[in-house]
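To keep things clear, I will list the structure first and then write my remarks on it.
None of the figures in this text is laboratory data; all of them are computed from the coordinates on show. If you're wondering where the values come from, they're calculated on a predicted model, not measured in any experiment. Heads up, the Cβs are rebuilt from the backbone with ideal geometry, glycines too, and the neighbour counts pull from every protein chain shown.
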Amino acid sequence: MATQAHHSTTRRDFIFVATGSVAAVGAAATVWPLINQLNPDASTLALASIEFNLANIPEGQSVTITWRGLPVFVRHRTQAEIDEARAVPLSELKDPATDEQRTKEGHAQWLIMIANCTHLGCVPVGDSGDFDGWFCPCHGSHYDSAGRIRRGPAPANLVLPPYEFLSDTLVQIG
Amino acid sequence: MSEHSTYTPGTGIEKWLDERLPIIRFSKEHLMDFPTPKNLNYWWTFGAILVMCLGIQIVTGVILAMHYTPNVAMAFDSVEHIRRDVNGGRMIQSFHAVGASMFFAAVYIHIFRGMYFGSYKAPREILWILGVLIFVLMMATAFMGYVLPWGQMSGWAATVITNIFAAIPVIGTPLLELLRGGFSVGNPTLNRFFSLHYLLPFVIAAVVALHIWALHVPGNNNPVGVDVKDSRDTLPFHPYYTMKDAFGMVLFLIPFCWFAFFAPDILGHPDNYIQFNSQVTPAHIVPEWYFLPFYAILRAIDFNILFIDSKLGGVIFFGGSIVILFFLPWLDTAKTRSGNFRPMFKWFYWIFVVNFIALTYLGAAPAEGIYVILAKISTAYYFLHFLFILPILGRIETPRPLPTSISESVLSKKHA
């Protein structure tokens, strides 16, 4: 530009950059809804809270229910399983958490966890593995009787969904 | 390369068209007269074979989409409907499913041919990079296509592979939900995968056009790796290489048809004939054979590296194993292109091939015992080859003397 000999920046340069900036913001604002449509839709979000009756699960049994499309383990633990989980020193754990932190106070027999392995999301198999808990067949992660990661590639314990006890036998997840 | 054009419009209509859209001139220059080194061997027919594979996948795929339903309630049944009820659907579906495997078999041969003969070296770096890009697009397309039948392997492949993105710090979980369109793999996931699976082959076709454009600027590499010097080194593409490529395609179609007609399911997994159940994972999930080497690398990192946990570490190595291919033209510092004239490279090349096959085997093996250790060694060697062996070889190796021209190499072979 001829004017560059006189000024390092001209009004024309400013207008050029300002126009370009507005165009870039406009383009981004147009693209966002085209990306955002990929996010979970209203019907998916509407499934966010469920109630579940625990009365029919005998001690030592577990069921898999569905919450937000995710499998959730609900296990009625035996006293032996609870004792075993509580006897483990925290120093042995890859993702330290006490058994009390994994359950609700006064409901230690109920273990409620999202059933996807924290490695790559497979559903671990119950009553198996080297720690009397769960074993993930995909890449060999072992979880103990409190759902804590003990061995294998998974980085964290099985995730606890938000839940609360409405009564001794009725639980609300989500 | 318009200087090679021999096209003169014959009729008035051709002359009229040539002045407005010289499409006949273009086709003649690039599909018929294009000067091609006269010493290309059969490994060079895989480019044309791959174009054929893409064509087969697009034609069979468009047909399958006429009968397939991308909804979790109906997808599994609609594939069975195609195989049982649709006229000829059994063969069209098996050609599409087997075609994916054959496509990858051909692309691996094509890539390893390029690696041996140094086809990525100057001035063909962009050609190589576009090729790696096609490979990445093929992997994305094949993965999403594999999800569509909505069997157990489909759903769990979708779960595991989308979960890879959850390893990214901070944005991992929101990104995972964005990709899946939900908290788990479900109907929104299937729907978008179908949409993208239909789109990506056409993106691949466009990048293939760029790949061929980038090929036609410097022209083909060749088995001796010396540049074309004059017209005695080349032959016109048609009829010499159209016929050689056609013969290569026919040979390639023999195993292709054997699989499609006699063993359409041999490359798949029986578990994929059980409809996807998000509450139960099959005991052994393995990806399709063409992803196994990279899957082995993903699994090999089961230990934390400093502040990087094992999951993110696996993802970094998995991504790195593919990204590193983009840098191959600069990692290999040797000036000599063809492996035939590189006495040391030749050995390391074959060790790399064996190591890659080992990774394929280990990707399918259970993640326990000796396999875990071997997978780590093979993964380390994969990166060692690119990051240390190739750069060092270029400095310490003395290549054998090159022939002065393609013509000379061809003639000396004949008299030998």
Cβ-based exposure ranking for B:Asp302, A:Asp132, in which fewest neighbours within 10 Å come first: A:Asp132, B:Asp302
Residue exposure sequence - B:Val286, B:Val185 - by fewest surrounding Cβ within 10 Å: B:Val286, B:Val185
Cα shape, segment B:231-297, gyration tensor, a/c 1.5 rule: prolate
Across the protein assembly as shown: Cys residues that no other cysteine approaches within a C-beta distance under 4.7 Å: B:Cys53, B:Cys257
Integer Hz, Karplus 6.51/-1.76/1.60 couplings in order for segment B:365-371, x for Gly and Pro: 6, x, 7, 7, x, 4, 4
For A:Asn157, distant residues with modelled amide H under 5 Å away: A:Ile149
Cα-based Lys pair tally, chain B, threshold under 16 Å, eight or more apart or on separate chains: 8
Tail fraction, Cα-Cα pairs, the protein assembly as shown, threshold 32 Å, whole percent: 58 percent
Computed lengthening from B:Ile392 to B:Leu267, 0.36 nm per intervening residue step minus Cα-Cα distance: 41.1 nm
Relative contact order of chain B, pairs being alpha-carbon contacts under 8 Å that are 6 or more residues apart, as %: 22 percent
Per DSSP, loop GluC sites (Glu not before Pro) in segment A:1-108 with at most 16 further Cβ within 10 Å: A:Glu59, A:Glu105
For chain B, built as a Gaussian network whose Cα springs stay under 10 Å, the top-fluctuating residue of B:Phe262, B:Phe46, B:Phe327: B:Phe262
When segment B:286-416 is reduced to its Cα atoms, the Kirkwood hydrodynamic radius in Å: 16.7 Å
log10 of Debye I(q)/I(0), alpha-carbon scatterers only, for segment B:143-237 at 0.12, 0.14 Å⁻¹: -0.59, -0.67
Integer Hz, Karplus 6.51/-1.76/1.60 couplings in order for segment B:104-121, x for Gly and Pro: 5, 4, 5, 6, 5, 4, 4, 5, 5, 4, x, 5, 5, 8, x, 5, 8, 7
Amide hydrogen neighbours beyond the local backbone of A:Ser128, cut-off 5 Å, H modeled: A:Gly133, A:Trp134, A:Phe135
Residue with peak Gaussian network fluctuation, chain B [Cα springs, cutoff 10 Å], from B:Trp150, B:Trp347, B:Trp43: B:Trp347
Dipole magnitude of segment B:286-416, debye to nearest 20 (Cβ charges: Lys/Arg +1, Asp/Glu -1, about Cα centre): 600 debye
